[in-house]
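Take a look at the structure below.
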Amino acid sequence: IPSAAWGTTFNDHQTLTNEERAFANLAIKLLDGESASLQFRSSLNAYNYNGVYSYTPAPETRDFSRALTLTQELLGTARLSAGNRLVAGADYRYGAVADQGDTSGFHDSRAVTNIGLFMQHEYRPFKQLLLFGGLRYDYLGQGLDTLNPKAGIVLLPLEDLAVKYLWGRSFRSPNAFERYYYG
């Protein structure tokens with residue numbers, strides 16, 4: 001990193017970072033019918049990070065991060081009646097390894113669990129109009145949970161034209177670095 005990021009020595013070739021990621025995903029349709037479908041998905045995500053930072057004349061600093069996360073999701077869709085469809089599901093993320101530290105003596109190692117539940121109702125009174133509303137609840141532990149609504153109107157006046165009004169509130173779960181790293 002020759003640009004002296006984080007106050008490191010400018011153009012020092014000893015400053016570098018290395019990131020590695022491995023990912024595996026499996027999805028199975030448990031039910032695939034006209035009126036209902038059910039899908040299960042499971043994934044494994046591994047991440048390694050090592051950084052070396054040169055601060056002349058101070059000694060170099062090193063930091064690292066390791067993560068191993070298992071994710072499972074169940075997603076169901078049901079056609080309720082003419083023009084009505086319900087989508088609902090749950091996802092579970094288990095961070096079996098969330099390990100990070102640096103040469104200043106900071107080291108944090110923990111397991112992290114996130115659970116999400118979601119539901120969306122879609123109503124299509126006629127082919128050119130779709131109305132929908134939904135909710136998502138996320139539980140992240142340690143008093144951090146959130147409920148986020150969304151709604152929308154999609155008008156399809158022409159075959160190649162969609163006019164949308166979307167409203168919602170979103171939330172991105174903070175990663176282990178954002179929640180627990182201090183040094």
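Data for the structure
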read-out	value
Dipole in debye (nearest 20) - the chain, about Cα centre, beta carbon charges: Lys, Arg +1; Asp, Glu -1	760
73, 159, 60, 178, reordered so the largest accessible area comes first (probe 1.4 Å)	159, 178, 60, 73
Projected label distance in nm at residue 177 and residue 107, using a 7 Å step from Cα toward the beta-carbon	2.1
Of 77, 45, 98, farthest towards positive along the dipole that unit charges on Lys, Arg, Asp, Glu beta carbons give region 1-135	77
Whole-number percent relative contact order across region 11-55, with pairs defined as alpha carbons under 8 Å at least 6 apart	50
Among 40, 64, 126, residue whose mean-square fluctuation peaks in a GNM of the chain (springs only between Cα atoms under 10 Å)	126
Excluding exposed DSSP-loop trypsin sites (Lys or Arg not before Pro) (at most 10 other C-beta within 10 Å), longest clean stretch of the chain	1-126
Residue 144 paired with residue 46, simple spin-label distance in nm, labels 7 Å along Cα-to-beta-carbon	2.6
Residue-level accessible surface for residue 53, protein heavy atoms, 1.4 Å, Å²	20
For the chain, with +1 on Lys and Arg beta carbons and -1 on Asp and Glu, the positive-most of 23, 56, 88 along the dipole	88
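The values are calculated or read from the model by the stated rules, or taken from the named source; none is laboratory data. The structure presented is a predicted model; accordingly, all values stated were derived computationally and were not measured. With ideal geometry, Cβ positions are generated from the backbone for all residues, glycine too; neighbour counts draw on all protein chains shown. Side chains are part of the model used for accessible areas, which takes the heavy atoms of the whole protein and leaves out ligands, DNA and RNA. Shrake-Rupley method; radii C 1.70, N 1.55, O 1.52, S 1.80 Å.
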